[in-house]
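Asks: My questions will all concern the structure given below.
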Amino acid sequence: MKLSINIDHIATLRQARRGDEPDPVIAASLCEHAGAEGIVCHLREDRRHINDRDVRLLRQTIKTKLDLEMAATEEIISIALDVVPDLVTLVPEKRQELTTEGGLNVTEHKKHLSTVIERFHAKNIAVSLFVDPVKSQLDTAAEIRSDMVELHTGEYANAKNDVERGPLLQNIQSMAEYGKELGMGVNAGHGLNYLNVTPVAAITAIDEMSIGHAVISRAVLVGLEQAVKEMLALVTRHAPI
Ligand code: PXP
């Protein structure tokens, strides 16, 4: 199990003053130093946190893996084709949302997504589709040759109690295994934190977790490297350093 850290909210803090600190590029380097095996950032259409300069500098400085989260819109696609991240994760994006609210409807947007995936593959960029843990979405993702899916864990994370959480966790496990059967890599993320990550980390069919808000929030209190190391210990089930 690998851990990628989403650094969007380092940039959110910077944008609170529209200045130049804290710098997400420096944060990415600290995350890698603490053991993160990938860095995720979301270049939104409204540039509310990560901006074009960040993505280009991250491409030059990241030593692990750059996962660019993005909507499949022409402006962002052309930036991604130019920057050449290691992975693009396609997500739905609404201007009014506080964060990504659900998975992509791959079945509905099959034709468009299929063309977008082909364009990325032509540049040797791997593609992941952020989907709800639903069989038909995984079937279509495999059909249009997505390299990976990222299973949306938001519903699991928002469950009020164990009775609600149990079946949602079970479904994430089944869909992770199904994704593997279809030949895709399987990531998971959204809403995972220090209290709810362990059962998801125990699912062996999941290759990687993508975690942002919880780690950056803890980093404000205990420091970024410490926060990453603590999450890494939970995800990989190693003792914290
Ligand atoms: N994965 C995807 C596709 C996301 O959109 C986000 C939020 O940016 C995350 C993972 C990380 O979610 P969180 O910040 O809740 O850990």
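The values are calculated or read from the model by the stated rules, or taken from the named source; none is laboratory data. Model, not experiment: these values are computed from the prediction. Note: ideal-geometry Cβ built from the backbone for every residue, glycine included; neighbour counts use all protein chains shown.
Asks: What pairs can you find where one residue is in the range 149-165 and acidic (Asp, Glu), the other is in a helix (DSSP H, G or I) and at pLDDT 95 or above, and their Cβ atoms are less than 8 Å apart, with a gap of 6+ or different chains?
Replies: Glu155/Leu168
Asks: Give the residue that is farthest from the ligand (Cβ to nearest atom), with candidates limited to residues of the range 53-69 that are buried (at least 23 other Cβ atoms within 10 Å of the Cβ) and closer than 17 Å to Asn124 by Cα.
Replies: Leu66
Asks: Moving to a separate point now. Among the candidates Thr236, Thr198, which residue alone is more than 22 Å from Pro133 (Cα to Cα), in contact (Cβ under 8 Å) with a residue 24 or more places away in the chain, away from the ligand (no atom under 11 Å from the Cβ) and not hydrophobic (A, V, I, L, M, F, W, C)? Before the answer, list the steps.
Replies: Numbers: Thr198 fails: more than 22 Å from Pro133 (Cα to Cα).
After applying the criteria, what remains is Thr236.
Asks: Same structure, new question: Could you list all residues from the range 160-174 that are farther than 12 Å from Pro199 by Cα and surrounded by 17 or more Cβ atoms within 10 Å (Cβ to Cβ)?
Replies: Asn171
Asks: In the range 177-189, is there at least one residue being hydroxyl-bearing (Ser, Thr, Tyr), within 15 Å of the ligand (Cβ to nearest atom) and at negative phi?
Replies: Of the residues in the range 177-189, the ones hydroxyl-bearing (Ser, Thr, Tyr) are 178.
Applying the additional criterion that residues be within 15 Å of the ligand (Cβ to nearest atom) yields none.
Checked against the condition, which is being hydroxyl-bearing (Ser, Thr, Tyr), within 15 Å of the ligand (Cβ to nearest atom) and at negative phi, the range 177-189 yields no hits at all.
Asks: Out of the residues in the range 11-52 that are in contact with a strand residue (DSSP E or B) (Cβ under 9 Å, 6 or more places away or on another chain) and of a type in the set (Val, Ile, Thr), state the one that is surrounded by the fewest Cβ atoms within 10 Å (Cβ to Cβ).
Replies: In this case the residue turns out to be Ile50.
Asks: Among the numbered conditions (1) assigned to a loop (DSSP other than H, G, I, E, B); (2) within 16 Å of the ligand (Cβ to nearest atom); (3) under 27 Å from Leu169 (Cα atoms); (4) of a type outside the set (Ser, Thr, Tyr), tell me where Ala141 comes up short.
Replies: Here Ala141 clears every test but (1).
Asks: Quick one: which of Ala188, Ala205 is farther than 16 Å from Gly103 by Cβ and in contact with a helix residue (DSSP H, G or I) (Cβ under 8 Å, 6 or more places away or on another chain)? Steps first, answer last, please.
Replies: Numbers: Ala188 fails: farther than 16 Å from Gly103 by Cβ.
Of Ala188, Ala205, the one residue that is farther than 16 Å from Gly103 by Cβ and in contact with a helix residue (DSSP H, G or I) (Cβ under 8 Å, 6 or more places away or on another chain) is Ala205.
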